[in-house]
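*Asks:* Below are the C-alpha cells for one structure; questions will follow.
The values are calculated or read from the model by the stated rules, or taken from the named source; none is laboratory data. Here the structure is a predicted model, which is why all the values come from computation and not from measurement. Backbone-built Cβ (ideal geometry, glycine too); neighbour counts: all protein chains shown. Protein only, heavy atoms only, side chains kept; ligands, DNA and RNA dropped before computing areas. Shrake-Rupley method; radii C 1.70, N 1.55, O 1.52, S 1.80 Å.
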Amino acid sequence: MECSNLSAPNEFILSGFPYPQGFKLPLLLFFSIMFVLTLSGNSLIILMVIYDLQLHKPMYWFLCNLSILDMTLSAVVVPKVIAGFNEKIISFSGCVSQVFFLNSVGCTECFLYTVMAYDRFLAICKPLHYGNLMSLKACVILSLGTIIGGTLHSAFQSSLTFHLPYGENNYIDYIFCDIPSILKLACIEIHVIEMIIIIDMGFVTITCFLLILASYAYIITAILKISRSEGRHRAFSTCSAHLTVVIIYYLPLFSRYLRPASQDIMESVVCVFYTTITPLLNPIIYTLRNKEMKTALMKLWGGNPE
C-alpha cells in the first residue's frame, strides 16, 4: 500500500459496535451493566478470598490473580466501547495503550490458566508433595512469571505493530484497537510482520492450551483410579470450574486471532463475548461450582454456610 503521508496519525477512528437503529440505548445499558457486574463480581471474589481463611490456598490465590486480570481486561475495552456510541475517535497514544494492555492481559491469562491447571495437577496427582511444590514462594514466583511473560510478549507485538509506517488512512474497522485491524492500515507490505505475529501468538496460545490438556489428561487418569465415588466427585468438582472457564476463554480467542479476520457481525459478537461476557462469567462459574466459594459467600453475607 502506498501512502502520501508516512507520519504516524494523531488519532484513529473506530467503526464502533454495529447496531440497528433504535438499539443504541439498550446496548449502552447492556455494556454499562455488564461492566458494573464484572467489577462487582470479581471484587467479591477477591474479598471472599481475603476474608475467609479457608480460602487461603494456592488455587484461590491464582483465582484472585484471574479476577484482577478480568477486571483489567474489561476496564481496557468496555468503557471505550460505551464511549464509541457517541465518540468514535481514539488518540494514537490511547490506541497504543489499549493494544498493549489488551495483549498483555490476554497473554497473562493464557499463562495463568496453565499455572492453574498445573496447580490442580499437583493437588490431585502429587498430593503428598503439594505443600512443598506449591508453597507461598512458588505461588508468588509463578504469578510474577505470568505477568512478566505477558508484558514482554505484548511489548514485542506492540513494538512490531506501531513501528510500521502509517499514512492518512486512520479508520479502524473494529470495535477497539487490536493488532489485526491496525496492521491493515500500514503503508508497507506486512505479510512478514503478520506471519511473525501470528506465529508468536499462535505458539503461546497453542502451547499453553496443550499444556492444560496434558495436565487434565493426567488429572482424569488419576481421578479414575480413585475407588470411592465420593472422592472422585470431590476431585472432579475442584477441576470442573477451571476447565469450564478455560473452554469459555479459548473458544473466542481461537476464533478471533487464529483464523482469517472477517468483518461480519460475528466478529463483533466474538469480541463482546471475549472482553465483556467472559470476565463476568468467571466469578459466577467459580462461585456456583465450588462448595468452598459458596460457603465463603454465605459467611461474607452473614448467613448460614450450611
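*Asks:* For the chain, the longest stretch holding no trypsin sites (Lys or Arg not before Pro) located in a DSSP loop with at most 12 other Cβ atoms within 10 Å is which?
*Replies:* 1-224
*Asks:* So for the chain, averaging the separation of alpha carbon pairs under 8 Å that are six or more residues apart and normalising by length, what relative contact order in percent results? Mind showing how you got there, number by number?
*Replies:* Working: 353 pairs, mean separation 90.4, N = 306.
Result for the chain is 30 percent.
*Asks:* Would you please report the Å³ per residue occupied by the convex hull of the alpha carbon atoms in the chain?
*Replies:* 144 Å³
*Asks:* Provide, in order from the shortest bin, the percent of all Cα-Cα pairs of region 184-225 in each 5 Å bin, continuing until the bin that contains the maximum pair distance.
*Replies:* Spelled out per bin, shortest first, that is 5, 19, 14, 14, 10, 10, 8, 7, 5, 4, 2, 1.
*Asks:* Multiplying the sequence separation of Thr207 and Asn169 by 0.36 nm and subtracting their Cα-Cα distance, what value in nm do you get?
*Replies:* 10.1 nm
*Asks:* Give the lysines reachable from Lys88 as a straight Cα distance under 29 Å; neighbours fewer than 8 places away on the same chain don't count.
*Replies:* Lys24, Lys80, Lys184
*Asks:* OK, next. Could you work out how far helix 58-83 tilts from the main Cα principal axis of the chain, as a 0 to 90 degree angle to the nearest 10?
*Replies:* 30 degrees
*Asks:* With a 1.4 Å probe and all protein chains left in place, how much accessible area per residue does the chain have, in Å²?
*Replies:* 50 Å²
*Asks:* Order of 71-77, 125-131 by packing, highest average Cβ count within 10 Å first?
*Replies:* Ranked from most to least packed, the peptides come out as 71-77, 125-131.
*Asks:* Can you give the FRET efficiency to the nearest 0.05 for Leu136 and Leu300, using r as the Cβ-Cβ distance and R₀ = 22 Å?
*Replies:* 0.40
*Asks:* In whole percent, how big is the carbon plus sulfur part of the accessible area of region 11-299, probe 1.4 Å, protein atoms only?
*Replies:* Carbon and sulfur: 72 percent of the exposed surface of region 11-299.
*Asks:* For Thr244 and Ile196 in one chain, what is 0.36 nm times their gap in residues minus the Cα-Cα distance, to one decimal in nm?
*Replies:* 14.2 nm
*Asks:* For region 135-183, what is the per residue volume of the convex hull drawn over the alpha-carbon atoms, in cubic angstrom?
*Replies:* 75 Å³
*Asks:* Based on alpha-carbon centroids, what's the gap between region 32-72 and region 183-223 in Å, whole number please?
*Replies:* 27 Å
*Asks:* Using R₀ = 30 Å, calculate the FRET efficiency as 1/(1 + (r/R₀)^6) where r is the Cβ-Cβ separation of Leu47 and Ser93; round to 0.05.
*Replies:* Computed FRET efficiency for Leu47 and Ser93 comes out at 0.30.
*Asks:* By how many nm would the segment from Ala75 to Arg228 grow when fully extended, if each residue of separation counts as 0.36 nm and the alpha-carbon distance is taken off?
*Replies:* Here the answer is 50.6 nm.
*Asks:* When the label point is put 7 Å from the Cα of His56 along its Cα-to-beta-carbon vector, which residues of region 117-156 have a backbone N closer than 19 Å?
*Replies:* 131-141
*Asks:* Working from Cα positions, state the angle (0 to 90°, nearest 10) between the long axis of helix 136-162 and the longest principal axis of the chain.
*Replies:* Tilt relative to the chain: about 10 degrees.
*Asks:* Then there is this: Against the longest alpha carbon principal axis of the chain, how many degrees, from 0 to 90 and to the nearest 10, is the axis of helix 191-224 turned?
*Replies:* 10 degrees
*Asks:* Kirkwood hydrodynamic radius for region 1-146: how many Å is it when counted over pairs of different Cα atoms?
*Replies:* Details: mean 1/r = 0.0549 Å⁻¹.
For region 1-146, the Kirkwood estimate is 18.2 Å.
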